[in-house]
Amino acid sequence: MAKIGVMGCGAVSDFGHVPAILQTEGLELVSLYDPNRDRVEGMAAKFGGIRAYTNQDEFIRSGLDAVLIASPPTVHRENVLAAAAAGLHVLCEKPIAMNDHEAAEMIDAMKKADRMLLVGFVYRFSPVALQIREWIKEGLIGEVRSLRLIYIWDLHGQYEPVSPEEWIESPRWKGRMLEGGPMVDCGVHQIDLSRWWLHDEIERFECHGAWVADYEAPDHVYLHMDHVRGAHTMVEMGFSYGHTSREPRPEFSYHIIGTGGVIRYDRDGYILETRNGGGTFRSPGASEKNFPGMHAEFAQALRTGDPGHLPRAEDGLIATRIARQATDMAIANRLRNTALTHTA
Ligand SMILES: NC(=O)c1ccc[n+]([C@@H]2O[C@H](COP(=O)([O-])OP(=O)(O)OC[C@H]3O[C@@H](n4cnc5c(N)ncnc54)[C@H](O)[C@@H]3O)[C@@H](O)[C@H]2O)c1
């Protein structure tokens, strides 16, 4: 039984990681760490029987084999370096780091400690993503030429009420925009899926943005990526699709076009189907995420030393690097286009 500690007791630990770890055979959730006492004690009380720490050093020495890191990306480096120094395996939330330099330092420290550094791209473990990978591998739609991966939503709204009269900008919305915006926060999943589904690297990319809100990063982003073997992936990500609406309606879909058919996933109604010369084949749809599936793989990785489908740190680095460079490119394109407009 691998003894696990969780670093960061916020939203994703609460709805995703902690319930999943608690139900995973082979994992024992021993301790929680969060510098915010209310958060860590609240979570320990909610799930019961787990030790709570607000001091990182004491947490790290609480008899662990591995840690799950679900703190803000700005402190992933600090958390990973502490785990490496104590010889603990790590499963770290995305985006792995704030920049390439930090990620390289984290990878190096974990290599020196001879421990696994894995990244929590939880979309890989959805039955939908696994089925699509199988269909592509079996050649059900021939050779894949185009992927269109879309997630446009409101990130739970840009504003929230603090009283019936007063609304403030949501710290979550603001924080995600300051950390790089939708491509860095969410798009990394789709960038990773395209590489994983196709077994193919990304050779070059181009990116454009739209600014509905007033941040440096675009809140709606279009990323175009060419893969080495010729396929093209378009990722569209947005946080301002209904961000001020009373009833927002998100859109989450995958469209994959091959030389012999198409695959479509629509989260609305959980439709997952392939259409080719043989007809239409449906598979049970599901959510795009699967925390229990990811933690089952983590338990196996800790038992065998083989990460299986779990993304390696290098996968996290590649996806984060593309997302950040693409966002910078969109910002540069905006500035260049503004300059052109002014000269014309
Ligand atoms: N894959 C997904 O579905 C998914 C969904 C949401 C968030 N995330 C990722 O998970 C991470 C956390 O996101 P969240 O929404 O839970 O954020 P959150 O703000 O709700 O929670 C983060 C928690 O980390 C704590 N924290 C701050 N500094 C810390 C430190 N030095 N060490 C440990 N903990 C610290 C905070 O007090 C807070 O409780 C981010 O990297 C985010 O991108 C992933």
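The values are calculated or read from the model by the stated rules, or taken from the named source; none is laboratory data. These figures come from a predicted structure and were not determined experimentally. Here the Cβ positions follow ideal geometry from the backbone for every residue, glycine too, while neighbour counts run over all protein chains shown. What goes into the accessible areas is simple: the full protein's heavy atoms, side chains included, and nothing from ligands, DNA or RNA. Shrake-Rupley method; radii C 1.70, N 1.55, O 1.52, S 1.80 Å.
Within segment 228-240, the set of residues being more than 19 Å from the chain's Cα centre (by Cα) and either more than 21 Å from D328 (Cα to Cα) or crowded, with 21+ Cβ neighbours inside 10 Å (or both) comprises V228, R229, G230, A231.
Please go through (1) under 28 Å from G139 (Cα atoms); (2) over 17 Å from the mean Cα position of the chain (by Cα) for W196 and return the number of the only condition it doesn't satisfy. Here W196 meets the rest and fails (2). Summed over segment 118-127, residues that are in a helix (DSSP H, G or I) and open to solvent by less than 30 Å² (accessible area, probe 1.4 Å) total 4.
Among the residues of segment 265-284, just one is open to solvent by 70 Å² or more (accessible area, probe 1.4 Å) and within 21 Å of T233 (Cα to Cα), namely R275. Looking across segment 1-26 at every residue that is open to solvent by 10 Å² or more (accessible area, probe 1.4 Å) and in a strand (DSSP E or B), the one that is nearest to the ligand (Cβ to nearest atom) is identified as K3. Condition test on V212, is it away from the ligand (no atom under 16 Å from the Cβ), within 21 Å of F121 (Cβ to Cβ), of a type in the set (A, V, I, L, M, F, W, C) and open to solvent by 60 Å² or more (accessible area, probe 1.4 Å)? When the stated conditions are applied, V212 does not pass them.
The residues of segment 128-156 that are open to solvent by 30 Å² or more (accessible area, probe 1.4 Å), under 26 Å from R176 (Cα atoms) and either among the polar types (S, T, N, Q) or not in a strand (DSSP E or B) (or both), listed by number, are W153, H156. Annotation note: of E314, E297, E288, the sole residue that is within 18 Å of the chain's Cα centre (by Cα) and part of a loop (DSSP other than H, G, I, E, B) is E288. Scanning segment 27-51 for residues that are within 9 Å of the ligand (Cβ to nearest atom) and in a strand (DSSP E or B) yields one hit, Y33.
Exactly one condition in (1) touching a Pro at 6+ places or on another chain (Cβ under 7 Å); (2) away from the ligand (no atom under 15 Å from the Cβ) is not met by T54; state its number. Against the list (1) touching a Pro at 6+ places or on another chain (Cβ under 7 Å); (2) away from the ligand (no atom under 15 Å from the Cβ), T54 comes up short only on (2).
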